[in-house]
Amino acid sequence: MSTAITSAETLRAVELLASRPLVRLVTEIDDNGAIPPRRLASTLSDLSTHQVRSASDTARAHGLIRITPGAGLELTQPGTELADLYDAMARWARRHAVPAPVCEFSSRIRHVLGLLAPSLTGESVDNPSPLGGGEGEAGLTRPRMLLIQWLADNPQVGRAPEPEPAA
């Protein structure tokens with residue numbers, strides 16, 4: 001399987017997807033439904049105002065969430081698929097107690113993305129078993145393939161943001 005995105009774009013996308021505020025925003029909407037814009041800060045009270053605003057702006061810029069009148073922030077189709085991908089990664093991490101037996105959801109996601117990132121560049125994207133073949137790593141094949149497919153379907157996530165037009 002080949003993707004149309006470059007190694008730099010892939011690594012940029014993985015870094016973005018591993019962002020704790022983005023993980024929190026996507027999973028909160030996935031778990032509990034749309035968030036009214038004025039309730040965003042109180043819903044994600046463990047994040048700073050800057051983190052909430054940045055996660056929201058980033059998610060909208062990359063097509064992961066949208067603002068729906070009367071409902072608030074909701075996931076787009078790519079956002080829903082990302083939430084499913086996060087769930088698959090978290091299940092693997094929980095089963096293998098990484099990065100620790102008890103930790104927060106976003107830490108599990110960041111850990112799994114950290115394990116997968118080196119296998120997503122260059123010719124390793126086409127290699128079905130790049131993770132060394134250990135028993136725990138073998139279970140990463142499914143999350144890895146889901147991530148590769150998600151990145152291929154959403155190449156905009158790996159692209160550098162467009163500069164704001166001058167007013």
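No lab work stands behind these numbers, since they all come straight from the coordinates. Owing to the predicted nature of the structure, the values given are computational and were not obtained by experimental measurement. No Cβ is skipped: glycine too gets one built from the backbone with ideal geometry, and neighbour counts run over all protein chains shown.
Once phi is turned into θ = phi - 60°, what whole-Hz ³J(HN,Hα) does the Karplus curve with 6.51, -1.76 and 1.60 give for every residue of the range 81-97, x standing for Gly and Pro?
5, 5, 4, 5, 5, 4, 4, 4, 5, 5, 4, 4, 5, 5, 4, 9, 6
Order of Thr10, Thr68 from fewest to most other C-beta atoms within 10 Å?
Thr68, Thr10
Only Lys, Arg, Asp and Glu count, each charged at its Cβ (+1, +1, -1, -1), so figure out the dipole size of the range 24-110 about its Cα centre, rounded to 20 debye.
Computed about the Cα centre, the dipole is about 160 debye.
For a test of the definition: using alpha carbon positions, the gyration tensor, and the 1.5 limit on a/c, classify the range 1-116 as rounded, prolate or oblate.
Judged from the Cα gyration tensor, the range 1-116 comes out oblate (a/c at least 1.5, b/c at or above a/b).
For the range 55-64, what does the Karplus curve 6.51 cos²θ - 1.76 cosθ + 1.60, with θ = phi - 60°, yield as ³J(HN,Hα) per residue in whole Hz, taken in order and with x for Gly and Pro?
5, 5, 4, 5, 5, 5, 4, 9, x, 8
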